[in-house]
1. Taking only Cα atoms, what is the 0 to 90° angle, nearest 10, from helix 48-62's long axis to the longest principal axis of the chain?
2. If I take every Cα pair under 8 Å that is 6 or more residues apart in segment 179-299, average their sequence separation and divide by the length, what percent do I get for the relative contact order?
3. To two decimal places, what compactness ratio does segment 88-168 give when its Cα radius of gyration is scaled by 2.2 N^0.38 Å?
4. Of the candidates 274, 239, 247, which one comes out as most mobile in a Gaussian network treatment of the chain with C-alpha springs shorter than 10 Å?
5. Sum -39500 (n - 2.57) across every DSSP H segment of at least 4 residues in the chain, then divide by the residue count to get the 222 nm mean residue ellipticity, nearest 500.
6. Please express the Cα-Cα pair-distance distribution P(r) of segment 98-254 as a list of whole percents, one per 10 Å bin, running from 0 to the bin with the greatest distance.
7. How big is the antiparallel share of DSSP beta bridges in the chain, given as a percent to the nearest 5?
8. Which angle from 0 to 90°, rounded to the nearest 10, does the C-alpha axis of helix 67-77 make with the longest principal axis of the chain?
């Protein structure tokens, strides 16, 4: 696979980069900025692209940035990718097409292989948010219009959930950041979009209680009273559930005045102009830039 093939073990990679293997392990464990593949013995194998990303991060650290600041720069502006030849957006599109084709053939092995390749070329956030997220939306659209079977939709949902949950649960949370609760709106059955957003929050160090779908009436209030989070994120993907979700948000704003409520999902993003104006302060958005902006206004 050329540059996407892992060929350097951690000792070789550390020697080439001029850092200690323990430092490299610690960076990966805490910041998940790369995802080295493992060989049959379970040892990490680094690609040329991994080394390129790591060299850029080390150069920023040498300039006086902390490693967390350097990782944030990488994820938000991705300067590394601007000079790496063919546009990475085209490569993302290629991955999307191929992964979707594998999933439509119920070929989980091929889909896993392609996703592993993507993790070797892009940051974790970019792979999940900009690659797997759009695939999720596309599959939902295909299912809604009757172009694929329910079996396809269930298979893809189960497959993506397992990949995202495996990543999301590994991120450590910061005791300095407030707690958050993430739950689907009333009547919602689609939780993968919310799971992606939960992964994004956990990557930033938030402790997130993910409740998903099917929460019984009044149970949410019980969780809020027990956990006392600063943030509550409600997801709504179907227009038929939008009214109930907005009504729930209004009730919670009234009953929990100190709670910051964020609304997201396709049904929220596609609201008519008058509804968007009415609820604009709670709309989180659908892009990473919008998420960053919404959080920044409420944390700074």
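1. 80
2. Numbers: 165 pairs, mean separation 31.2, N = 121.
Once divided by the residue count of segment 179-299, the mean separation gives 26 percent.
3. Values: Rg = 11.9 Å, N = 81, 2.2 N^0.38 = 11.7 Å.
Its radius of gyration relative to the 2.2 N^0.38 Å reference: 1.02.
4. Comparing 274, 239, 247 in the GNM, the peak value goes to 274.
5. Values: 14 runs with 164 residues, N = 300.
After summing the helix terms and dividing by residue count, I get -17000 deg cm²/dmol.
6. So the P(r) values, bin by bin, are 10, 36, 34, 17, 3.
7. Working: 3 of 19 bridges.
Of the beta bridges lying entirely in the chain, close to 15 percent run antiparallel.
8. For helix 67-77, the angle is close to 70 degrees.
Read-outs: derived from the displayed coordinates by stated rules, not from any lab. What you see is a predicted model, and the numbers here were worked out from it, not measured in a lab. Note that we place each Cβ from the backbone using ideal geometry, even for glycine, and neighbour counts take in every protein chain shown.
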